[in-house]
């Protein structure tokens, strides 16, 4: 199908459809930025691209002409499926479903790249569904090399945050485990219809060959991460009371691995978390 080339054309098409607020629908109506997003995915003729929540297919139209071997779109809104059905060539398949429940393993050839304008409230679950959890990669993640997503700017900042910053979070650690990330550019609210109240950012995630650390006790490592960020304003040693080692001893162990005993979870890099977890695992074996 022909690609809409002006903002006015995209806006006119978006105004014909009732956007569902409960689904977080804000349609991307800036053609120049849509083109930049497609370029950022660096599509090759061997790629099977998956689009998350294709909406009115403004991005889909561009992806369909990008040269990918195959393009699959997954959309929760059945009305939008009907809106775009039968508009594309045979290498494009549009599927009705909830991406968070969708089995990417059923798609052949395997999905290699993922793209999408992601509903802000489910960004973290979507990333976890694509890659898996720490220590538990999804069965399909081995084939995925690159993900480009348009997400809320504050969430993008959490993904790329550095230790010691307020934006640093468990999501940052998840990123550090699976992929390298960069914010490519911001997207003002007026680039969408309806106009959202927040600024968005386009982020690119490139999968790492392997995680940066190999904790001795993966279960303990994950427990420490969860406990640390659950009450992030408390000192980490206080959040580790469940270990029953005592605050003083935990502080001594932290100091022994060059971690400030008064540090909070947001102050530790993933390598420091792993080093501390290994030291705590060794201590627990003596009890």
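The values are calculated or read from the model by the stated rules, or taken from the named source; none is laboratory data. None of the values given here were measured: they were computed from a predicted structure. A quick note on method: Cβ atoms are made from the backbone with ideal geometry, for glycine too, and the neighbour counts reach across all protein chains shown.
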Checklist entry - Since residue 135 meets every condition but one in (1) modelled with pLDDT under 95; (2) more than 17 Å from the chain's Cα centre (by Cα); (3) more than 21 Å from residue 114 (Cβ to Cβ), which condition does it not meet? => result (2)
Checklist entry - In the range 243-256, is there at least one residue being within 30 Å of residue 185 (Cα to Cα), surrounded by fewer than 19 Cβ atoms within 10 Å (Cβ to Cβ), at pLDDT 95 or above and outside the structural domain of residue 111 (by TED's automatic domain parsing)? => result no
Checklist entry - Quick one: is residue 207 closer than 29 Å to residue 138 by Cα, at pLDDT 95 or above and either surrounded by fewer than 18 Cβ atoms within 10 Å (Cβ to Cβ) or in contact with a strand residue (DSSP E or B) (Cβ under 8 Å, 6 or more places away or on another chain) (or both)? => result yes
Item to check | Top-ranked residue in the range 135-151 [being surrounded by 19 or more Cβ atoms within 10 Å (Cβ to Cβ) and touching a residue at least 40 places away in the same chain (Cβ under 8 Å); ranked as farthest from residue 217 (Cα to Cα)] | outcome: 150
Checklist entry - Is there a residue being crowded, with 21+ Cβ neighbours inside 10 Å and either under 21 Å from the mean Cα position of the chain (by Cα) or not assigned by TED's automatic domain parsing to the domain that holds residue 154 (or both) anywhere in the range 229-236? => result yes
Checklist entry - Which helices (runs of 4 or more DSSP H) sit wholly inside the range 27-134 and have at least 2 residues that are under 18 Å from residue 192 (Cβ atoms) and touching a residue at least 40 places away in the same chain (Cβ under 8 Å)? => result 31-41, 58-64, 78-84
